[in-house]
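> For reference, the structure I am asking about is given below.
The values are calculated or read from the model by the stated rules, or taken from the named source; none is laboratory data. Being a predicted model, the structure only gives us computed values, none of them experimental. Positions of Cβ are generated from backbone atoms using ideal geometry, with glycine treated the same way; all protein chains shown enter the neighbour counts.
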Amino acid sequence: MPNEANTNGPDRLAATLVLDEPVTRVRLVSPARAKALGGLGVRTVRDLLAHYPRRYIDLSAKKTVAAARIGEQCTIEGSIHEIKLKRPRPKLSLVEIALVDDTGVLMVTAFRQPWLMDSLKAGMRIAVAGKLEFGYGFKRMTNPFVEVVGEGAGAAAGMVIPVHPATEKLSTAWVRRLVGNALSQTRGACDPLPLSLRAKYRLMSRQTALACIHFPHAMEEAAEARRRLAYEELLMLELFLMRGAAERARGREPVRHVTDGPRVRALASALPFRLTDEQAAARDDVLREMAAPRVANHLVLGDVGTGKTVVAAFALAAAADTGAQALLMAPTEVLARQHAASLGPLLEAAGVRVALLTGATPAAERAGIVARLAAGGLDVLVGTHALLEDDVACANLTLVVVDEQQRFGVEQRACLLAKGAAPDALYLTATPIPRSLALALFGDLTLSYIRHRPRTAAGRTTKVCPKQERGRAYDAAVAALSRGEQVYVVCPLVGKDAGERDAAAAAPRGAGADADAALHPSVSIEGDGDLAGGDNVAAATREAQMLASTTFADYAVELLHGKMASAEKQQVMDRFRAGETQVLVATTVIEVGVDVPNATVMIVEDADRFGLAQLHQLRGRVGRGEKPGEVFLVSASASEAALARLSAMETTDDGFELAAFDLSLRREGDILGNRQSGASVLKVVNVVRDGAIIEAAHADARAILEADPNLEAPEHRPLAREMRIAFSGESARTGG
Ligand code: ADP
Ligand code: MG
């Protein structure tokens, strides 16, 4: 650990300035190496320091071949007895290594890494880290992390070897060395975190944290370093978001809405049902924010069917009671119409003047609506993107409601907000965003969760089914069909290359998966987005034909795949809805909004290819009505992690709980389809696991800005500077 501080003024300044110089400033960074670093996104010295190890090999956790237990994650060191390249199939290479130590032989198999043949030779000492397996009489590791040890092994500081992301042109060992140089050349640089905050959470100095994340002596040191760096990233992000919000609110007079007026009360008594406790609480939250003398920014989160719309209705009525106007925007024509049809009569009965505007509204009618809106003759306008057009102008807009807000971009939301002076905003979403993540994405947000659906639907059961037992799933399907019910079969990957993909997909998950996940929130183990590639369409077609002629021979089977024209898809869906076909084989995610109450069984083949959020959405198609549903998740995976992840689907039916399991959700910014949110500067933060740090940073940022809104105090100036640098880099990155 480097000795920190006792650096004097000029040195500190010089070291701080080096951070933002080009990476060529670092010793041994030649133009060629700078170019290779550029390929890794590293341009400045600061970038190099933030090029954190992807994982670590912990040699202190080293085991002998004899002592290592099957199923355990471990590191084994030994010498290479024999190394061979094999090509079992034309497109598949594997390197097989027989590794020996004093106690036995370990067989190592590395798929698709033929270059290992260039760097490894018989007789070399290497350490391999991964999960120990057993097969064909040997202890084995598949796709472990491999590192040369002993002489020439690079500048590893101790028992922990950092593994930095590298390229063909620049090896991990070289990256490690260059990072080491950058660290020593920036020794003494200013730490932007005020001492008071460092003391409060007992955080390492930045210099120490950087040294420890790159070259830890023990894994605990790396974890402490990560905690410090995560806190710093989050504090910067929260400050940035809060300052942005303050900027937008400047000079605007927020509206204090009347929230217990006649229309709100009339709406309450006109409702055909009683609000659930959670709905009532969400309504109270929204109305409290609207009544407060600040610009509200409220998000209501609830799974599909939890009844978010009616909560929004109260907000709309409150705007009308205030003598002002509200816009409600939905992402599709169907949804906008549905809102107008369900809310329209209720609101009208409560004395609210409502209209609907979509792309399909006839021109004459549209002109009338636009004129009424501009003259204040309308209280609420419900619509689609059609609301965004320039000539849709309000007399006095004080509330904007965005339904399924994740479907809209930042600009679209901003455009809607710009139609009023300082309107309150209410967002509704079914995306299960953990509270901490929502805070990270919108520093100035208030939230309500609705976790339970109002009526208890018949519900459904979910079972994970190993491939060899999938017969059980198809038995259940046939039983349902014989009762006159219908069945979905979802098969994302039934192509002949599925086996190969298994091998490829296993590769990045090998060694140190835990350290990896902790450091790199962006690891995704979700299936690839395009699940309907050409081969798969052909294979799914065969699968559908096969099912039609065997298991489901007595029933009508149809295929739905992503490459179909939308009219064709519609026809297939219509026939299924009408009950003309009983089995729907789909290669692609069945579209949101599909609702066939008579469909009760869903079989998802290769379920491990999907993210949990996707699976949850899929299974939402059955068990919603009066008949209970059965969901079978078929998986051929032998990976314990994959199976554990799937079994989370068995234990909970709560999309929000699932979110906490789902690595795919850790891809922060992607969730809101919104890279500009600022979240993409997060490098070490794990938005699911670091909830406590996110909340702490959120509270601290708020306190700092309350005391010093422009970050002008001497102890805050370094923060302001870092924030500017972090987020100007951000715009450069997202712009490209
Ligand atoms: P979402 O949260 O997915 O937008 P909706 O607002 O569309 O859900 O509500 C789903 C259905 O539940 C609607 O038909 C709505 O009328 C109904 N609903 C909402 N709240 C209640 C309630 N408290 N009791 C009974 N039905 C309700
Ligand atoms: Mg809805």
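> Out of the residues in region 346-359 that are in contact with a helix residue (DSSP H, G or I) (Cβ under 9 Å, 6 or more places away or on another chain) and part of a helix (DSSP H, G or I), which is surrounded by the fewest Cβ atoms within 10 Å (Cβ to Cβ)?
Looking at residues that are in contact with a helix residue (DSSP H, G or I) (Cβ under 9 Å, 6 or more places away or on another chain) and part of a helix (DSSP H, G or I), I get 349.
> Any idea which residue in region 163-185 is modelled with the lowest pLDDT, counting only those that are among the aliphatic types (A, V, I, L, M) and touching a Ser or Thr at 6+ places or on another chain (Cβ under 6 Å)? Step through it out loud before you land on a result.
Initially, region 163-185 is screened for residues among the aliphatic types (A, V, I, L, M), giving 163, 166, 170, 173, 175, 178-179, 182-183.
If we keep only those that are touching a Ser or Thr at 6+ places or on another chain (Cβ under 6 Å) too, we end up with 163, 166.
On the way: 163: 84, 166: 88.
Result: 163.
> In region 406-450, how many are over 26 Å from residue 233 (Cβ atoms), modelled with pLDDT under 90 and within 22 Å of the chain's Cα centre (by Cα)?
4
> Considering only residues that are of a type in the set (Lys, Arg) and away from ligand 2 (no atom under 16 Å from the Cβ), look in region 271-292 and name the one that is nearest to residue 454 (Cα to Cα).
274
> I need the helices (runs of 4 or more DSSP H) fully contained in region 1-112, keeping only those with at least 2 residues that are modelled with pLDDT of 85 or more, of a type outside the set (S, T, N, Q) and surrounded by fewer than 20 Cβ atoms within 10 Å (Cβ to Cβ).
It comes to 9-18, 31-39.
> Please go through region 307-343 and pick out each residue that is assigned to a loop (DSSP other than H, G, I, E, B), within 14 Å of ligand 2 (Cβ to nearest atom) and modelled with pLDDT of 90 or more.
Taking region 307-343 and keeping what is assigned to a loop (DSSP other than H, G, I, E, B), we get 307-308, 322-324, 330-332.
Those left that are additionally within 14 Å of ligand 2 (Cβ to nearest atom): 307-308, 330-332.
Within region 307-343, 308, 330 meet the criteria.
> Among the numbered conditions (1) crowded, with 24+ Cβ neighbours inside 10 Å; (2) within 26 Å of the chain's Cα centre (by Cα), tell me where residue 327 comes up short.
(2)
> Here is a list: 321, 284. Which entry is under 32 Å from the mean Cα position of the chain (by Cα) and of a type in the set (Asp, Glu)?
On the way: 321 fails: under 32 Å from the mean Cα position of the chain (by Cα).
The unique qualifying residue is 284.
> Can you name every residue in region 293-306 that is within 16 Å of ligand 2 (Cβ to nearest atom) and either polar (S, T, N, Q) or in a helix (DSSP H, G or I) (or both)?
Residue satisfying the conditions is 306 alone.
> So residue 322 clears everything in (1) closer than 28 Å to residue 389 by Cβ; (2) within 14 Å of ligand 1 (Cβ to nearest atom); (3) hydroxyl-bearing (Ser, Thr, Tyr) except one condition, right? Which one?
Only one criterion is unmet by residue 322, namely (2).
> Let me ask something else. Just one of (1) crowded, with 17+ Cβ neighbours inside 10 Å; (2) without any contact (Cβ under 8 Å) to a residue 40 or more places away in the chain; (3) closer than 28 Å to residue 422 by Cβ trips up residue 280, so point out which.
(1)
> So is residue 258 more than 10 Å from ligand 1 (Cβ to nearest atom) and either crowded, with 21+ Cβ neighbours inside 10 Å or among the basic types (Lys, Arg) (or both) or not?
No; evaluated as a whole, the condition is false for this residue.
> Hey, another quick one. Of all residues in region 367-399 being within 16 Å of ligand 2 (Cβ to nearest atom) and either in contact with a Cys (Cβ under 6 Å, 6 or more places away or on another chain) or at pLDDT 95 or above (or both), which is farthest from residue 342 (Cα to Cα)?
383
> Right, something else. Would you confirm whether or not region 329-350 contains a residue that is closer than 22 Å to residue 420 by Cα, touching a residue at least 12 places away in the same chain (Cβ under 8 Å), in contact with a His (Cβ under 8 Å, 6 or more places away or on another chain) and of a type in the set (A, V, I, L, M, F, W, C)?
Within region 329-350 (the criterion being closer than 22 Å to residue 420 by Cα, touching a residue at least 12 places away in the same chain (Cβ under 8 Å), in contact with a His (Cβ under 8 Å, 6 or more places away or on another chain) and of a type in the set (A, V, I, L, M, F, W, C)), the answer is yes, since at least one residue qualifies.
> Any residue at all in region 415-426 that is on the phi < 0 side of the Ramachandran plot and within 16 Å of ligand 1 (Cβ to nearest atom)?
Yes - at least one qualifying residue is present in region 415-426.
> Continuing with the same structure: Considering only residues that are within 16 Å of ligand 1 (Cβ to nearest atom) and touching a Lys or Arg at 6+ places or on another chain (Cβ under 6 Å), which ones fall in region 274-319?
Here is the first cut: in region 274-319, the ones within 16 Å of ligand 1 (Cβ to nearest atom) are 274-286, 298-317.
Matches in region 274-319: 300, 302, 305, 306, 311, 314, 317.
> From (1) part of a loop (DSSP other than H, G, I, E, B); (2) charged (D, E, K, R); (3) under 21 Å from residue 690 (Cβ atoms), pick out the condition that doesn't hold for residue 187.
(3)
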